[in-house]
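Just so it is clear, none of the values below were taken in a lab; they were calculated from the coordinates. Everything quoted here is computed from the prediction, not taken from an experiment. As a convention, Cβ positions derive from the backbone with ideal geometry for all residues, glycine included, and neighbour counts pool all protein chains shown.
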Amino acid sequence: MLDTLIIGSGPAGLSAAIYAKRAGLSLAVVEKNAVSGGQILNTWEVDNYPGLPGINGFDLGMKFREHADKLAIDFIEGEAVSLTPGSDAHRVKLDNGEEYEAKTVIIATGAIHAALGVPGEDTFMGKGVSYCATCDGGFFNGKETAVIGGGDVAVEDAIYLSRICSKVALIHRRDELRASNILKEELLNTPNITVYWNSIVKEIRGEAAVSSLLLENVATKETSELSTAAAFIAVGIRPDTAIVRDIVECDEGGYVIAGEDCETSVPGIYVAGDARKKRLRQVVTAAADGANAATAAADHINRH
Ligand SMILES: Cc1cc2nc3c(=O)[nH]c(=O)nc-3n(C[C@H](O)[C@H](O)[C@H](O)COP(=O)(O)OP(=O)(O)OC[C@H]3O[C@@H](n4cnc5c(N)ncnc54)[C@H](O)[C@@H]3O)c2cc1C
């Protein structure tokens, strides 16, 4: 039996692993993706992680993983599909049928993008529909593209694409952006970006790949067709906490409720990073949660 099993190897899971290993715990990290690093792999620049200004997101993810590898931490490839709590040990089952027992479990499953839920979104996934402008923008060099959303990520995506694409349409359902002022200003001063205010996407259209979007103006109910080679969807994220929602206390959005020690409503089960209900979801707060969760898990083991 392991002392701790960590689910997820984004910044929170990798930080938890480093702290757990250094605390002398036996542990393993389960990761469903081929690559560790989590969401940060999808951003071209992280400019707010102390000590590493302007680092590429993928490189930062690799640095976290290299640190864990240096400590000879065990990684298990697979998706955790169920968690069964117990009084002495918790059981985690993977999608390949393997089961692991651990005295403590750290949920570091992070968050995933929200979908628009319109016709064409699934059909054209990877054929013009994307949730990551920094990953897929290069495929649309010199073409007309569209971004859907109005927060920081959507605005950053539009600015990023404006440097690669001939024209960028930003489609936003309200008449005001939620993004920070500095980003808004840059967006509105970028000549090849057009904002479609009060507009929603009703359908993503095309044949082999995306060729247009059917838009509706929510104020006038008028519809129009916008020609585009790509739809970059940036309408928010949701916690990837399905496996624990019926086990530990969560808020209405599915974020796991825990205080600074990251302990959930079930003793011995901890949550770290974007999956936790908290104010700021960033690399630095995810890494801090990982450290706190691993330290609390070590205390729990020492007490029992
Ligand atoms: C486009 C973009 C740009 C960003 N830019 C910045 C920035 O500039 N600065 C900043 O500080 N933050 C930024 N963030 C936010 C930052 O990436 C997150 O706050 C951080 O990655 C959260 O870390 P995490 O470990 O909690 O979760 P995640 O990074 O989401 O990692 C979770 C990991 O768990 C794995 N996982 C999930 N479920 C399971 C399961 N059931 N079984 C096994 N594995 C599982 C996932 O595959 C993933 O690897 C950005 C995010 C995005 C999307």
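Rounded to the nearest 20, the size of the Cβ-charge dipole of the stretch 129-233 about its Cα centre is 60 debye, with Lys and Arg at +1 and Asp and Glu at -1. The value of relative contact order for the stretch 1-93, using C-alpha pairs under 8 Å at least six residues apart, is 28 percent. What you get for the chain, charging only the Cβ of Lys and Arg (+1) and of Asp and Glu (-1), is a dipole of about 320 debye around the Cα centre.
In nm, give the distance between the simple-model label positions of residue 189 and residue 45, each being 7 Å from the Cα along the Cα-to-Cβ direction. Output for this residue pair reads 1.5 nm.
Here the calculated FRET efficiency for residue 166 and residue 219, from their Cβ-Cβ distance with R0 = 22 Å, stands at 0.20, rounded to the nearest 0.05.
The relative contact order of the stretch 197-236, computed from alpha carbon pairs under 8 Å that lie at least 6 residues apart in sequence, is 34 percent.
Taking a sphere under 12 Å around the Cβ of residue 68 and counting the other residues whose Cβ falls inside, with K and R at +1 and D and E at -1, yields a net charge of +1. Loop-located trypsin sites (Lys or Arg not before Pro) in the stretch 185-247 (DSSP state other than H, G, I, E, B) with a sparse environment of at most 13 neighbouring Cβ atoms within 10 Å: 221, 245. Applying a DSSP loop filter and a limit of 10 other Cβ atoms within 10 Å to the GluC sites (Glu not before Pro) in the stretch 174-216 leaves 176, 207. Ranking 258, 282, 228 by how far each Cα lies toward the positive end of the dipole of the stretch 160-300 (charges on Cβ) leaves 228 at the top.
Using a cutoff of 8 angstrom between alpha carbon atoms and counting only pairs six or more residues apart, the relative contact order for the chain works out to 21 percent.
Fully extending the segment from residue 178 to residue 77, taken as 0.36 nm per residue of separation minus the present Cα-Cα distance, adds 32.6 nm.
Across the cross-link table entries 93/277; 127/167; 221/277; 143/202; 63/184; 127/277, which are compared at the Cα atoms, the separations over 30 Å belong to 221/277; 63/184; 127/277. Our estimate of slack between residue 84 and residue 63, defined as 0.36 nm per intervening residue step minus the Cα-Cα distance, is 4.3 nm. Values of log10 I(q)/I(0) for the chain across q = 0.07, 0.12, 0.15 Å⁻¹ run -0.31, -0.82, -1.10, by the Debye formula with one identical scatterer at each alpha carbon and no solvent.
Classify the stretch 129-233 from the C-alpha gyration tensor, please: rounded if a/c falls under 1.5, else prolate or oblate depending on whether a/b exceeds b/c. Because a/c hits 1.5 or more and a/b fails to exceed b/c, the stretch 129-233 counts as oblate.
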